[in-house]
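None of the figures in this text is laboratory data; all of them are computed from the coordinates on show. Only a predicted model underlies this, so the values are computations on that prediction, with no experimental measurement involved. Reconstructed Cβ throughout: ideal geometry from the backbone, glycine too, with neighbour counts over all protein chains shown.
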Amino acid sequence: MKKPLLSLMLLLCSLATQAITTPNAHGGGFLWHKGRYYWYGEHKSNHTSAALVGITCYSSANLKDWRYEGIALPVAEQPGSDIERGCIMERPKVIYNAATRKFVMWFHLELKGRGYSAARAAVAVANKPTGPFTFLRSGRVNAGRWPALLDTARAMALRPESYKTWWTPEWHRAITQGLFVRRDLAEGQMSRDMTLYVDDDGTAYHIYSSEDNLTLHIAELTADYTSHTGRYWRMAPGGQNEAPTLFKKDGTYWMITSGCTGWAPNAARMFSAPSLAGPWTAHENPCRGPEAETTFGAQGTYALRIQGTQDFVFVADVWQPKHPSTAYYLWIPITFEDGKPTLRRENIREMRRELSFE
Ligand code: GAL
């Protein structure tokens, strides 16, 4: 075993003892900035998964001792605001833009009282990593733009009214050919579970479950990271992937996702590609050991790189839909076996909160 990985495991060993300061930051994302890790996530309350508080922020110099930094982006009090208290704010991720010196947060937003039908991406910016973040806007993604590498003439010829029954082989073929891209072309593409990724050249990408959670999109962001450029690719069309996590190791992009079973855990999926444009190759479930077929009861949220190393930790949520605030976290160092990322049960560090937050 390589030394950095060993020290990472030792470091993670003490996570379980950090009960009182364990963050209330679910579906979280991490940012390394000037010697500290920042952890942003969904504040969960006791009886609903709707957002009553907002997006929280915690910071740590060592990934063990977490300091509460407050609400980075609070819900709004004004009725009718996109982020009105009672909306759904999920899976926030924050990246730093060196040119504008702004911290840019994207998250999945559902409007209050509309279930999961809005399927919007939302963006907010701040001058400091801890916020306060200013909400900019929310909406569907890349209206009027076709994805790269899609046969648009064939997609244009697809008639949504011809496929009223879902899940037939014909419907599935039409989905892979872009039936829902075409359906949502004018309004913009749906955007739910998401992550962000900044490549080595500083270009940022927004990766989100689109097309009614059937297909992931990988969409380029503008130079200031606050809009989409209109350039995007589809990934695993019709494959029903959620909870995307993305990292690059030795020039290969790895994506670990989940299937679509709501709060119930399912088997993780894994893909690799030489470029974000693909082609993506599907691999076997990276989990090993008891409960591998349910990702050990969890669903991924972020592939966290340990600063100064090429080692990554897969951070995952164990959801508790009946009492959302008691959801907890699994931190699983990603080992490489036969050149492929592997998540072993014996390496899991559980991070639980013992106090219930209102
Ligand atoms: C999960 C998703 C969560 C949340 C939940 C709602 O599949 O990953 O972020 O949206 O569904 O049921």
### Query
Within the chain, what percent of beta bridges assigned by DSSP are antiparallel, to the nearest 5?
95
### Query
Assigning unit charges at the beta carbon (Lys, Arg +1; Asp, Glu -1) and nothing else, what dipole magnitude in debye, to the nearest 20, does the chain show about its Cα centre?
340
### Task
Determine one quarter of the surface area of the Cα convex hull of the chain, which equals its mean projected area, and express it in nm² to one decimal.
17.4
### Query
Any idea how far apart Asp65 and Arg345 come out in nm if each label point goes 7 Å out from Cα toward Cβ?
3.5
### Task
Quick one: which residues, 5 or more positions from Lys249 or on another chain, have an amide H under 5 Å from its amide H? H modelled 1.01 Å from N in the peptide plane, none for Pro or chain starts.
Trp254
### Global form of segment 52-102, assessed from the alpha-carbon gyration tensor, a/c cut-off 1.5
oblate
### Message
Explain nothing, just the number: dipole magnitude of segment 114-258 about its Cα centre with +1 on each Lys and Arg Cβ and -1 on each Asp and Glu Cβ, in debye rounded to the nearest 20.
### Response
380
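Evaluate the charge dipole of segment 59-147 about its Cα centre and quote only its size in Debye, nearest 20, assuming +1 on the Cβ of each Lys and Arg and -1 on the Cβ of each Asp and Glu.
It comes to approximately 280 debye.
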### Query
Taking the alpha-carbon set of segment 80-200, what are its Rg and Dmax in Å?
17.4, 51
### Query
Taking the Cα centre of each part, how many Å lie between segment 295-358 and segment 158-197?
31
### Query
Picking from Pro341, Phe314, Thr294, whose Cα lies most toward the positive end of the charge dipole for segment 277-358 (charges on Cβ: Lys, Arg +1; Asp, Glu -1)?
Phe314
### Summary
Listed by chain and number, the residues whose amide H is under 5 Å from that of Trp319, excluding neighbours fewer than 5 places away on the same chain and using placed H, are Gln299
### Task
Throw me the Rg/Rh for segment 144-196, computed over C-alpha atoms with Kirkwood Rh, two decimals.
0.98
### Query
What full-extension length gain, to one decimal in nm, is calculated for Asn285 and Val198 as 0.36 nm per residue of separation minus the Cα-Cα distance?
28.8 nm
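Going through segment 155-264, which trypsin sites (Lys or Arg not before Pro) have at most 11 other Cβ atoms within 10 Å and a DSSP loop state? Could you put the intermediate results ahead of the total?
On the way: sites: Lys164, Arg173, Arg182, Arg183, Arg192, Arg231, Arg234, Lys248, Lys249; in loops: Lys164, Arg192.
For trypsin sites (Lys or Arg not before Pro) across segment 155-264 that sit outside H, G, I, E and B with at most 11 neighbouring Cβ atoms in 10 Å, the list reads Lys164.
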### Task
Determine ³J(HN,Hα), in whole Hz, for all residues of segment 172-187 in sequence, where each value follows from phi through the Karplus function 6.51 cos²θ - 1.76 cosθ + 1.60 and θ = phi - 60°; x replaces Gly and Pro.
5, 4, 4, 4, 5, 7, x, 3, 7, 4, 5, 4, 9, 4, 5, 7
### Query
Along the charge dipole of segment 173-305, Cβ charges K/R +1 and D/E -1, which of Leu179, Ala219, Tyr232 sits furthest on the positive end?
Leu179
### Task
Post the alpha-carbon centroid distance, segment 36-82 to segment 243-277, in whole angstrom.
25
### Query
Which value at 222 nm does the chain reach when only helices count, each DSSP H run of 4 or more adding -39,500 (n - 2.57), with the total divided by all residues and rounded to the nearest 500 deg cm²/dmol?
-2000 deg cm²/dmol
### Summary
A convex hull over the alpha carbons of segment 27-158 yields, per residue, a volume in Å³ of 155
### Summary
With a Förster distance of 41 angstrom and the Cβ-Cβ distance between Asn46 and Arg231, calculated FRET efficiency to the nearest 0.05 equals 0.45
### Task
Rounded to the nearest 0.05, what FRET efficiency do Ser162 and Asp250 give with R0 = 51 Å and r taken as the Cβ-Cβ distance? Could you check?
0.65
### Task
Please identify every one of the trypsin sites (Lys or Arg not before Pro) in segment 100-159 that sits in a loop by DSSP and has no more than 13 other beta carbons within 10 Å of its own beta carbon.
Arg101, Arg114
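What is the local net charge at Ala148, summed over the other residues whose Cβ is closer than 11 Å to its Cβ (Lys, Arg +1; Asp, Glu -1)?
+2
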